[in-house]
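Input: a single structure, listed below in structure tokens.
Readers should treat all values here as calculations from the given coordinates under stated rules, not as data from a laboratory. Quantities reported herein were computed from a predicted structural model and do not represent experimental measurements. Note that we place each Cβ from the backbone using ideal geometry, even for glycine, and neighbour counts take in every protein chain shown.
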Amino acid sequence: MYKIPEEIIREATANHPRLNIEIRQLMIELGVSVQMIGISQFGRDKSEAFSLSTAVGGTHSVPVHAQVYIPEINVDLAVLDPNFPHMVSNSPSWSNANFRDRAQAVIVHEFEEAMIHDRGVNHNEYPVTISNALLQIQSGNFEESVMGQLLVHDYGHYGAIRNAVQTKLRYVSATARRILEQYHERARTFS
Ligand SMILES: [Zn+2]
């Protein structure tokens, strides 16, 4: 299990206001709408474009059956780590990229993932298996619920990996594109 280095946590905590502003600015430059920046779902702090509470790269609001989906995204501590194992193993260029490039790659990925759920929930574009899986998260037994979460997550995540390489977000740096392309190549090898 990955543990973010203590030094990165200390530095990020000390610089949280600046990181928040920088990530928000980066999102706006890329063309992410202001409403999408920060996650309010489940009582989270909408003002945080950069979250100190997770170290997975970034995240997005999750779809809930029979609720309007509000697409929202953030970036987290893992973006500060050039040795973040999930990205280094799936996209080697992560480790040589700088903070802005890594953050851009994560923003594009989370944006595309949130937009997949936006189209799925709000425009009925989920395949039937995914609509059913979303229902099972709430109404199924424990196993069905866990399986449903996995299916819905993977549908969004792998869809985002595909869509990220042709994102409509603008001014994505060459290095960030390279990260996303390698991530795509690697995912194709395993699926
Ligand atoms: Zn994802």
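Here the 3J(HN,Hα) profile of region 156-169, calculated from phi with Karplus coefficients 6.51, -1.76 and 1.60 at θ = phi - 60°, is x, 5, 6, x, 5, 4, 5, 5, 4, 6, 10, 4, 8, 4 Hz, Gly and Pro shown as x. Grouping the Cα pair distances of region 6-190 into 5 Å bins from zero gives a pair-distance distribution of 1, 9, 16, 20, 20, 16, 11, 5, 1, 0 percent in increasing distance order. Database remark: amide H of Glu48 closer than 5 angstrom to the amide H of Ile39 (H placed geometrically; neighbours at sequence offset of 5 or more, or on other chains; Pro and chain starts carry no H). Using θ = phi - 60° in the Karplus curve 6.51 cos²θ - 1.76 cosθ + 1.60, the 3J(HN,Hα) couplings for region 16-30 round to 4, x, 5, 4, 4, 5, 5, 5, 4, 4, 4, 4, 5, 4, 6 Hz; x is entered for Gly and Pro. Other residues lying with their Cβ under 12 Å from the Cβ of Gln25 contribute a combined charge of +1, Lys and Arg counting +1, Asp and Glu -1. What is region 1-81 by shape, rounded, prolate or oblate, if you read a ≥ b ≥ c off the alpha carbon gyration tensor as root eigenvalues and call it rounded for a/c under 1.5, prolate for a/b larger than b/c, and oblate otherwise? The shape class here is oblate. Scalar couplings 3J(HN,Hα) for region 174-181, obtained by applying the Karplus form with A = 6.51, B = -1.76, C = 1.60 to θ = phi - 60°, are 4, 5, 5, 4, 4, 4, 5, 5 Hz; x denotes Gly and Pro.
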